[in-house]
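Heads up, the thing below is written out as structure tokens.
The values are calculated or read from the model by the stated rules, or taken from the named source; none is laboratory data. Because the structure is predicted, anything quoted here is derived from the model rather than measured. Heads up, the Cβs are rebuilt from the backbone with ideal geometry, glycines too, and the neighbour counts pull from every protein chain shown.
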Amino acid sequence: MVLAFMWRLPQDRLLDWIINTGIEARLVKVACMGLDERHLSQTLSQLRPYFTKLHNQFGFHVCGEGGEYETLTTDCPLYLNGRIDLGDTRVVKHSADVYYLQSANPHLEPKDTTTNSWNDVCTSLSILDSLEYYEQDYPRLESVHDSTQLSSLAPLSTQCYENTAPQGGRAAAAAGLWTPSTTAATTTTAGYVAMSNSIDV
């Protein structure tokens, strides 16, 4: 299992990764200037050039992290037996500049399973083998053995990072309201990074 953290990544690059891996994600809600009911049900792939235009004009977040849009994944390589067909849909206007798609009869559309196998979709994708983005947000924990900070990530090593709340985390922890979590990051000889989180509330 590989868990990938994606904050601080260039969002245009991340969006291209999503599209190039064969994910068919369709817009089911829009809530910003430049997007309206005409864009509902279109895929990220179809809208990619338009997203770039909106970004250049208004600072639009191409991955929708500002709430600009919501998507539903209707197909991807992991869907071995079928894809989601939205069926009959209608557009609902929630408020000014906010529209969402409502489906009356969504259903699964079978795929040709003779050409699909688990091995076909388990391909090797590009990964980040550095904790540079993570280290910018969270300080390293001191080693419990020698009170020194853990060294740079090395093959077959494990490092822990303090994962405190963004605001008032230390004060809340000191008051006993919560316990900071730790994140262990392990690299294998193949260069993969596995992240695991634990938190006590």
**OP:** Among the residues of the stretch 76-100, write down those that are in contact with a helix residue (DSSP H, G or I) (Cβ under 7 Å, 6 or more places away or on another chain) and within 13 Å of His39 (Cα to Cα).
**Re:** Val91, Tyr99
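Yes or no, residue by residue, for (1) on the phi > 0 side of the Ramachandran plot; (2) among the basic types (Lys, Arg); (3) at pLDDT 95 or above; (4) assigned to a strand (DSSP E or B):
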{"site": "Lys53", "(1), (2), (3), (4)": "no, yes, yes, no"}
{"site": "Gln57", "(1), (2), (3), (4)": "no, no, no, no"}
{"site": "Phe60", "(1), (2), (3), (4)": "no, no, no, no"}
{"site": "Glu65", "(1), (2), (3), (4)": "no, no, no, no"}
{"site": "Thr71", "(1), (2), (3), (4)": "no, no, yes, yes"}
{"site": "Tyr79", "(1), (2), (3), (4)": "no, no, no, no"}
{"site": "Arg83", "(1), (2), (3), (4)": "no, yes, no, yes"}
{"site": "His94", "(1), (2), (3), (4)": "no, no, no, yes"}
{"site": "Tyr99", "(1), (2), (3), (4)": "no, no, yes, yes"}
Subject >> Failed condition for Asn20, given (1) surrounded by 17 or more Cβ atoms within 10 Å (Cβ to Cβ); (2) under 18 Å from the mean Cα position of the chain (by Cα); (3) polar (S, T, N, Q) >> reply: (1)
Subject >> Qualifying residues in the stretch 53-107 (those that are aliphatic (A, V, I, L, M) and under 18 Å from the mean Cα position of the chain (by Cα)) - the one nearest to Thr21 (Cα to Cα) >> reply: Leu78
